[in-house]
1. Hey, can you tell me all the residues within region A:46-62 that are over 19 Å from the mean Cα position of the chain (by Cα) and among the aliphatic types (A, V, I, L, M)?
2. Find the residue count for region B:152-210, including only residues that are touching a strand residue (DSSP E or B) at 6+ places or on another chain (Cβ under 8 Å) and not in a helix (DSSP H, G or I).
3. Give the residue, chosen from A:29, A:63, that is surrounded by 24 or more Cβ atoms within 10 Å (Cβ to Cβ) and within 22 Å of residue B:333 (Cβ to Cβ).
4. Residue by residue through region A:92-104, note down the ones that are facing chain B (nearest Cβ under 8 Å) and either within 16 Å of the chain's Cα centre (by Cα) or more than 13 Å from residue A:232 (Cα to Cα) (or both).
5. Quick one: would you say residue B:139 is surrounded by fewer than 22 Cβ atoms within 10 Å (Cβ to Cβ), within 25 Å of residue B:342 (Cβ to Cβ) and in contact (Cβ under 8 Å) with a residue 60 or more places away in the chain?
6. Could you tell me whether residue B:89 is in a helix (DSSP H, G or I), more than 8 Å from chain A (Cβ to nearest Cβ), under 29 Å from residue A:55 (Cβ atoms) and touching a strand residue (DSSP E or B) at 6+ places or on another chain (Cβ under 6 Å)?
7. If you check B:122, B:117, which single one turns out to be of a type outside the set (D, E, K, R) and facing chain A (nearest Cβ under 8 Å)?
8. Quick one: in region B:211-226, of everything that is more than 18 Å from the chain's Cα centre (by Cα) and part of a strand (DSSP E or B), which residue is nearest to residue B:355 (Cα to Cα)?
There are 2 protein chains.
Amino acid sequence: MREVAVIGCGMTKFGELWKKSLRDIFVEAALKAIDDAGVDHIESMYVGSMTPGLFVGQEHIGALMADYLGVAPIPAVRVESACCSGGMALRLGFFEIASGYSDLVLVGGVEKMTDGADVTYALASAADQDYEVYHGITFPGLYAMIAKAHMHHYGTTRKQLAAVSVKNHYNGSFNPNAQFPKEVTIDQVINATLVADPLTVLDSSPVSDGAACAILVSMDLAKKLNKPVIKILGSGAATDALALHTREDITTLKAVKDSAESAYKMAGIKPSDVSFAEVHDCFSIAEICIIEELGFVKKGQGGPFTEKGNTSLEGKIPVNPSGGLKSKGHPVGATGIAQVVEVVEQLKGNAGKRQVKNAKIGLAQNMGGSGASSVTHIFQI
Amino acid sequence: MREVAVIGCGMTKFGELWKKSLRDIFVEAALKAIDDAGVDHIESMYVGSMTPGLFVGQEHIGALMADYLGVAPIPAVRVESACCSGGMALRLGFFEIASGYSDLVLVGGVEKMTDGADVTYALASAADQDYEVYHGITFPGLYAMIAKAHMHHYGTTRKQLAAVSVKNHYNGSFNPNAQFPKEVTIDQVINATLVADPLTVLDSSPVSDGAACAILVSMDLAKKLNKPVIKILGSGAATDALALHTREDITTLKAVKDSAESAYKMAGIKPSDVSFAEVHDCFSIAEICIIEELGFVKKGQGGPFTEKGNTSLEGKIPVNPSGGLKSKGHPVGATGIAQVVEVVEQLKGNAGKRQVKNAKIGLAQNMGGSGASSVTHIFQI
């Protein structure tokens, strides 16, 4: 396989972008990434998006974005794996370059969620329609069950869940692209409006519009471009049952574990070699489970590990320096690439007040639904 | 790049499959393909599907199908490019093997269109929502405008359009998987219910359920499996403006031309080297334009060329021996892979009464929307 690198990134601010359409925000992020990379063309495009059909009645957005960006007739395709559509777009762009077919590929993600669609119904299409959604459950309820089980089995506390949100909002307060760049306290999280017991609205990532893009190149081309080169060391993806009730243990996100093991193996590194990670904290409990699956802490110990500050900017393994989905926002299809934007900025040392010290190897973990799909990438400067 | 081959295929019957769900039909096709290939595992999956969200409220179908097929935790992702989602799934599976990352990949396509959704709205999401659909036009109207322009510029006749449907229904009458395996006459096509002038319901592909799958392997692995090996000689994809009114000439399907040129170049062949082709005849006029763009006949001459029988089973260049979208059915996401199923069966000499003589090189051309995306593959036995 040929080696592949990231040489440029860009993203929109995340939030309620009512004055901009789906295509506007994608093109804004794409132009920023192209500018950042300093390239004058691209050869192919992958657009991660979960459900533009249900959100704004528009499918076929690979071709749409290529046209609106002014790069048609290049090949362009949409990639979907629910909330890890962005991470999957990166992975498939990586394959295209690794194969030798192309040298310069744009990978992006976009979602426009605030334009009036039934957001809860649209998001629930990532769960099992026949065996979960039809019977009335949606994602807050699914993650609340995971949280309850984790509390029961491992003694995880309500306060430990809240510590995830407090840490991520602190980090996000330094991120100019974040939807909610402000701090929250443990008490505020616990006493916020209950969404699905034990999760409150401040345990939950918001509904957002946004887009993010990255430019991938073959390592040979990267070396010629005289830009900081972020190498993709490893790519792993995995699947699990969609329906929570069919899994052996609902506190285990097996696809996350499998995707991470695959990425570590390809990269030839251990979890302890990772300098920092961007992970899929769609709900506070998700981050606690994920840091366990990634091998940063033993199974069941994610709660105390977080509460003690080990995942803070100055901690043993900083997690979600960007503010994560919680503070930065979660336009579902864009999230996986927004994680890459943060990893690249951190590795370049450009992250300002949220800069992780000695950032050499960054990990991005992006997840679909209640964990039925996951993709993990490892990057090195 | 590593060489890639197809070693097995399978598909469901196309039609109104009311007793089977989205996941049932995909798994049926996948198991047939796995059986046909004689393999005992797969490493990764690509599922082409246009809009399962709008049709049946279910996204995240990469993971869903991996789980239901019993192959989780392998990586699985959905690929979307409107009606060429299937062809794009093939292309991305091809890249994964060509890169050296995997040796054995299932590529498939599926759509469940007859379960009660607003099919016209769902399909229209492949056109430009803001600049076309919002103003009231849907696909029959768009293709009717292409037909009118082609008739005006090139003298194409109503009878020549009908000749496409007559030929495809004749071929489809020999295809046990076809939704409408019966012959029609020129008079029946012309006098059928008008959908959008000049196109009648018998110029139009039907609304269908169905799935199709193929097993791709590296050439090294193919040689060990002691099975007929169909080599993928070339893969080309391209995009064009979604909105018809922004194209320079609406009788030219530029993405089809570009994707074909790219595939011919990679394969190192000319149009005259192709033994037969499966092409995207979503409406009769589409096949006429496509055979022009593929270089089988000069621009503007597709009508007379078809009327004279050059694209029939015994003609100069047989087109749509399977019956095409018109007779076989058009479950949109499945169509691109169903084309591959036909190409493989023809190259193996297994096509029975619809067998093309001396079939050595087959071409499959799959298109999205009114031609904003196209993917072309060339295969050789």
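The values are calculated or read from the model by the stated rules, or taken from the named source; none is laboratory data. Remember, it's a predicted structure, so these values are computed and weren't measured experimentally. We place every Cβ from the backbone using ideal geometry, glycine too, and count neighbours over all the protein chains shown.
1. A:54, A:56, A:61
2. 13
3. Within the list A:29, A:63, the selection yields A:63.
4. Within region A:92-104, A:92, A:96, A:99, A:100, A:101 qualify.
5. In short, no.
6. Criteria met by residue B:89.
7. So the residue among B:122, B:117 that is of a type outside the set (D, E, K, R) and facing chain A (nearest Cβ under 8 Å) is B:122.
8. Among them, the one singled out is B:217.
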